[in-house]
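Report on the following structure.
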Amino acid sequence: QVQLVESGGGLVQAGGSLRLSCAASGSIFSINAMGWFRQAPGKEREFVTAIRWSGSNTYYADSVKGRFIISRDNARTVHLQMNSLKPEDTAVYYCAAKHLWRDYTDPHRYDYWGQGTQVTVSS
């Protein structure tokens with residue numbers, strides 16, 4: 001089992017920045033990728049970004065490309081640096097982890113999820 005705990009959400013004005021973190025614990029040796037998803041009220045959970053454990057390849061949704069950066073600083077923590085935030089970025093952000101690398105944009109392919117952290121961007 002893997003446990004994920006997010007932190008760093010909050011309220012920010014449009015154009016501002018926030019940094020989310022996701023601390024993983026448990027059987028992390030079995031993890032090959034971690035990602036961030038978000039879900040706004042009344043909408044489906046959508047892919048934001050993912051990082052592959054081997055090689056640290058990163059992938060982004062078009063809506064955040066050039067503004068968000070995913071990174072990891074050790075074997076247990078992943079960060080999401082969010083810059084130039086827009087009101088449409090408002091959502092609950094979830095950290096997720098998976099055993100297999102493929103289908104990294106599909107939330108149904110992830111094996112573990114954090115509890116989520118609220119990000120609110122005011123206009």
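The values are calculated or read from the model by the stated rules, or taken from the named source; none is laboratory data. A quick note: this is a predicted structure, and the numbers were derived from the prediction, not measured. Ideal geometry is used to build each Cβ from the backbone, glycine not excepted, and the neighbour counts take in all protein chains shown. Please note that ligands, DNA and RNA were not included when accessible areas were found on the heavy atoms of the full protein model with its side chains. Shrake-Rupley method; radii C 1.70, N 1.55, O 1.52, S 1.80 Å.
Miscellaneous remarks
- Arg19 vs. criteria among the charged types (D, E, K, R) and in contact with a helix residue (DSSP H, G or I) (Cβ under 9 Å, 6 or more places away or on another chain): no
- Segment 52-69, residues that are open to solvent by 40 Å² or more (accessible area, probe 1.4 Å) and among the small types (Gly, Ala, Ser): Ser54, Gly55, Ser56, Ser63, Gly66
- Segment 62-89, residues that are assigned to a strand (DSSP E or B), within 15 Å of Leu4 (Cβ to Cβ) and touching a residue at least 40 places away in the same chain (Cβ under 8 Å): Thr77, Val78, His79, Leu80
Residues checked against (1) in contact (Cβ under 8 Å) with a residue 12 or more places away in the chain; (2) farther than 20 Å from Asp89 by Cα; (3) open to solvent by 20 Å² or more (accessible area, probe 1.4 Å); (4) not hydrophobic (A, V, I, L, M, F, W, C):
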residue	(1), (2), (3), (4)
Gly15	yes, no, yes, yes
Ile28	yes, yes, yes, no
Ile31	yes, yes, no, no
Ala50	yes, no, no, no
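- Test for Arg72: is it modelled with pLDDT under 95, charged (D, E, K, R) and either open to solvent by 70 Å² or more (accessible area, probe 1.4 Å) or within 15 Å of the chain's Cα centre (by Cα) (or both): yes
Listed here are the residues, each with its yes/no results for (1) in contact with a Leu (Cβ under 7 Å, 6 or more places away or on another chain); (2) of a type outside the set (Phe, Trp, Tyr); (3) farther than 18 Å from Thr117 by Cβ.
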site	(1), (2), (3)
Val5	no, yes, no
Ser27	no, yes, yes
Trp36	yes, no, no
Glu46	no, yes, no
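- Filter pass, Val92 being in contact (Cβ under 8 Å) with a residue 40 or more places away in the chain, over 22 Å from Ile28 (Cβ atoms) and assigned to a strand (DSSP E or B): yes
- Residues in segment 83-103 that are of a type in the set (D, E, K, R) and closer than 23 Å to Arg52 by Cα: Lys98, Arg102, Asp103.
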